[in-house]
Structures are given as C-alpha cells and as structure tokens.
Amino acid sequence: MDDHWALLATVDDIPIGEMRSYLMDGGVVAVANVNAAFYAFADKCEHMGVALSDGALENDVVVCTLHKWRYCLRTAALEHPKPGKPFTTFPVKIEGRNIWVRRWPKTVYERQGTR
C-alpha cells in the first residue's frame, strides 16, 4: 500500500455492529463495522465536537450521544437535524484481514486546526 493509506486495524479488531477510534496523522478517525462492511469517518460530531465513536451504531447510522445528531455512513451525510449536510468520511480498503484507510486530505487538517 502506498503512503496515502494508513493501516488502522484488522477486521477482527472491530466486531459487527461496533466502532473503534484510532489516531491518524494528528486527528482521530473512527471505523465502524456494518454487517462486515467497514466505514471510516472523522470521530468528531459537527455540532459539539464529541467523539461519534462513543455514540450508538444503528445499522449504517451513527447517533451522537450528546444531542442525538444522526450521521449516515452509507451516504456520508447528516440525517438529523440538517438532512443532506455532508460530514468527513474516508475511503476504506480491505487487504487480507487488514483495514486500510485513506489518509486525511489537507483541507481536513486545516478545518480541524491540527496542522
């Protein structure tokens, strides 16, 4: 895998219906296992900044613990309260049992103030 991808976990690290958070390039990325399909996303609620991985995973929707904002992993958009507003997701590749996530684009670093 080239330098644009980071090895974050193995498929065995994240059971179906669960999420885990990982440090990647100075930010935090969560990976969710939805029926053996893996999704990676910025682990930060767009509303108050709490970790989305601390919330609930309902099928392919992450529900924030604080105010119940709902993020659809399949469409990479908010479902509630601002339907259609995008949030930061990352491409995922599975090679063997390894989960590779595309590294943060520069614009995400600038928005988060991490670089």
Would you check the stretch 5-112 for Lys pairs whose C-alpha atoms are within less than 25 Å, ignoring same-chain pairs closer than 8 in sequence, and give me the count? 10
Using all alpha carbons of the stretch 2-48, what is the percent of pairwise distances in each 10 Å bin, ordered from the shortest bin to the longest? 25, 53, 22, 1
Karplus-derived 3J(HN,Hα) from phi for the stretch 29-46 (6.51 cos²θ - 1.76 cosθ + 1.60, θ = phi - 60°), whole Hz, x at Gly and Pro, runs 10, 9, 10, 10, 10, 10, 6, 6, 9, 9, 10, 10, 7, 4, 8, 8, 5, 5
Total charge dipole magnitude, the chain, about the Cα centre, Cβ charges on Lys, Arg, Asp, Glu only, Debye to nearest 20: 400
P(r) for the chain, please, calculated from all Cα pair distances in 5 Å bins and given in %. 2, 12, 24, 25, 20, 12, 4, 1
Quote the relative contact order of the chain in percent (integer), defining contacts as alpha-carbon pairs under 8 Å separated by 6+ residues. 25
If amide hydrogens are placed 1.01 Å from N in the peptide plane, which non-local residues have theirs closer than 5 Å to the one on His80? Arg70
Rounded FRET efficiency, nearest 0.05, which uses the C-beta distance separating His47 from Ile94 and R0 of 30 Å: 0.45
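To the nearest 500 deg cm²/dmol, what mean residue ellipticity at 222 nm is calculated for the chain from DSSP H runs of n ≥ 4 alone, each contributing -39,500 (n - 2.57), summed and divided by the residues?
Numbers: 1 runs with 7 residues, N = 115.
The per-residue figure over the chain is -1500 deg cm²/dmol.
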Work out the FRET efficiency for Leu66 and Ala37 from their Cβ-Cβ distance, taking R0 = 22 Å, and round it to the nearest 0.05. 0.25
Cut-off under 5 Å, modelled amide H: who pairs with Ala9 long-range: Ile99
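FYI, it's all coordinate maths here, none of it is from the lab. Predicted, not measured: the structure shown is a model, and the values here were computed from it. Using ideal geometry, Cβ is built from the backbone for each residue, glycine included, and neighbour counts are taken over all protein chains shown.
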